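First the structure, in the form of structure tokens, and then the observations on it.
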Amino acid sequence: MPEETAEESIEGNYQQIRKELAAALLQKISENTPTFFEELVIDLLVKMGYGGSREDAGRAVGRSGDGGIDGIINEDRLGLDIVYIQAKQWKENVSRPEIQKFAGALQGQRARKGVFITTSSFTKGAEEYVKTIDSKIILIDGNQLAQYMIDHNVGVSVEKTYQIKRVDSDYFIDPAKQPTPDSYREPEHKPQQIIPKNKNTKTPLSETHQRQMRYWTGLRDYLLEKGSSVSFPSPKPSRYLDLSIGRTNFWLMIWQTPTRSEIGIWLNIGGGSREAYFRLLEEEQADIHTEMDEELQWIELSGKQRNRICLHKEDTDPQDESDWPEQFEWFSAKLERFNQVFRERIRGLDAADWIPEDDAP
């Protein structure tokens, strides 16, 4: 496997910083009261565009006392639809009965939409249940909650900003080498191209970034159409996207690299116990490969802050849009398999179960 480029290393370390920040946010939340957690939920939902103003949201969200519903909030500023909220500041995982209770409360209100937010995680039974009911219930676990807080600047502030710069080819155009007036021809008129703006930089996205946005948006839509259980993040102009897999310091990274004609999936393991978790999974390598129905690459990144379990698809050009349906199907099938094989295993890992060889009797 080719070594990481400098940009890939920066991206990986940035994602690790996000994981550590997410863990710190969840710790801070756990140290506060349920009332504080409700206020946090209000702030986050308003930042995400729900509920109109902060004042309106404050009136809309609050304990309704209606079995299984903690509050309501407008889906849009005009109040054209209502979303019902359940917020649980729990340490233990939320199981199916709690979701059933919430779904029943929605039916009692003749409501169609609900959001269940917890600082912990959801059991597989809970996740499967929401796929079988008519009401649309979105589950947001602790890791997703923390990621939304980071994305929408709730409870965080910017400490440092790094800019990655590249050569500006336009600057190095030599006028002396340009065509003379005699050889100059009026260019053909072409319709004006409308280029989406990059929200972060306020500058037009490059053709590469536009393609990346189309690629990840297309994959997201493909997974939604297939009814995938994968929780897909908001597309962004990047070669990488991170997906939650249900536990802090573990995350899936999907990527596409045109220069190497590859796409792939990495299960990243970070944090102070990464070696223990990696070794515990490695002990089950044979069973994992059998369940995956193929062999994975198990990589310890020396000097890095994470280890990886990898799957690649070679001879695949992400720039070939005619091949995207086949690439999307590959991602869909493999992401489902990663979820099935690793999600419950990861939740059950205990770093104390690993005994280093030097400590073994």
Notebook entry, point to check: Restricting attention to the stretch 213-222, does a residue exist that is surrounded by 16 or more Cβ atoms within 10 Å (Cβ to Cβ), among the basic types (Lys, Arg) and either at pLDDT 50 or above or over 30 Å from residue 122 (Cα atoms) (or both)?
Noted result: yes
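Would you point out the residue of the stretch 130-174, among those that are over 23 Å from residue 94 (Cβ atoms) and open to solvent by less than 70 Å² (accessible area, probe 1.4 Å), that is modelled with the lowest pLDDT? Break it down into steps so the answer makes sense when it comes.
To start, the set of residues in the stretch 130-174 that are over 23 Å from residue 94 (Cβ atoms) comprises 153, 156-174.
Then drop every residue that is not open to solvent by less than 70 Å² (accessible area, probe 1.4 Å), which leaves 156, 174.
On the way: 156: 93, 174: 52.
Going through the qualifying residues, I end up with 174.
Residues to consider are 284, 262, 291; find the one that is over 26 Å from residue 347 (Cα atoms) and either touching a residue at least 24 places away in the same chain (Cβ under 8 Å) or hydrophobic (A, V, I, L, M, F, W, C) (or both). Working first, answer last.
Working: 284 fails: over 26 Å from residue 347 (Cα atoms); 291 fails: over 26 Å from residue 347 (Cα atoms).
Criteria check complete, one pass: 262.
So which residues in the stretch 81-101 are among the hydrophobic types (A, V, I, L, M, F, W, C), open to solvent by 40 Å² or more (accessible area, probe 1.4 Å) and part of a helix (DSSP H, G or I)? Give the steps one after another, and end with the answer.
Within the stretch 81-101, the first condition is being among the hydrophobic types (A, V, I, L, M, F, W, C), and the residues that meet it are 82-83, 85, 87, 90, 94, 99.
Of the ones still in play, those that are also open to solvent by 40 Å² or more (accessible area, probe 1.4 Å) are 82, 90.
Residues satisfying the conditions do not exist here.
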Note to self: Looking only at the stretch 1-43, count every residue that is of a type in the set (Val, Ile, Thr), open to solvent by 20 Å² or more (accessible area, probe 1.4 Å) and closer than 30 Å to residue 73 by Cβ and tell me the total.
What the structure shows: 2
Notebook entry, point to check: What tally of residues in the stretch 272-287 results from selecting those that are touching a strand residue (DSSP E or B) at 6+ places or on another chain (Cβ under 8 Å) and not acidic (Asp, Glu)?
Noted result: 5
Check: Out of (1) assigned to a helix (DSSP H, G or I); (2) open to solvent by 60 Å² or more (accessible area, probe 1.4 Å); (3) not β-branched (Val, Ile, Thr), what's the single condition that is false for residue 104?
Finding: (2)
Item checked: Number of the exception - residue 85 against (1) within 25 Å of the chain's Cα centre (by Cα); (2) aliphatic (A, V, I, L, M); (3) modelled with pLDDT under 85 -> (3)
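Taking the stated definitions as given, is residue 110 part of a loop (DSSP other than H, G, I, E, B), modelled with pLDDT under 90 and at positive phi?
yes
Out of the residues in the stretch 107-123 that are basic (Lys, Arg) and over 15 Å from residue 50 (Cβ atoms), which is least open to solvent (accessible area, probe 1.4 Å)? Give the steps one after another, and end with the answer.
Step one: filter the stretch 107-123 for residues basic (Lys, Arg), giving 110, 112-113.
Next, from what is left, pick out any that are over 15 Å from residue 50 (Cβ atoms): 110, 112.
On the way: 110: 217, 112: 141 Å².
This residue is 112.
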Notebook entry, point to check: Among the residues of the stretch 349-361 satisfying the criterion of being in a helix (DSSP H, G or I) and out of contact with any helix residue (DSSP H, G or I) (no Cβ under 7 Å at 6 or more places or on another chain), which is most open to solvent (accessible area, probe 1.4 Å)?
Noted result: 357
Check: Within the bounds of the stretch 96-104, is there any residue that is touching a Lys or Arg at 6+ places or on another chain (Cβ under 8 Å), without any contact (Cβ under 8 Å) to a residue 40 or more places away in the chain and on the phi < 0 side of the Ramachandran plot?
Finding: yes
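The values are calculated or read from the model by the stated rules, or taken from the named source; none is laboratory data. Fair warning: this is a prediction, and the values are worked out from it, not measured in the lab. Positions of Cβ are backbone-derived with ideal geometry, glycine not excepted, and every protein chain shown enters the neighbour counts. In case anyone asks, the SASA skips ligands and DNA or RNA and just uses the protein heavy atoms, side chains included. Shrake-Rupley method; radii C 1.70, N 1.55, O 1.52, S 1.80 Å.
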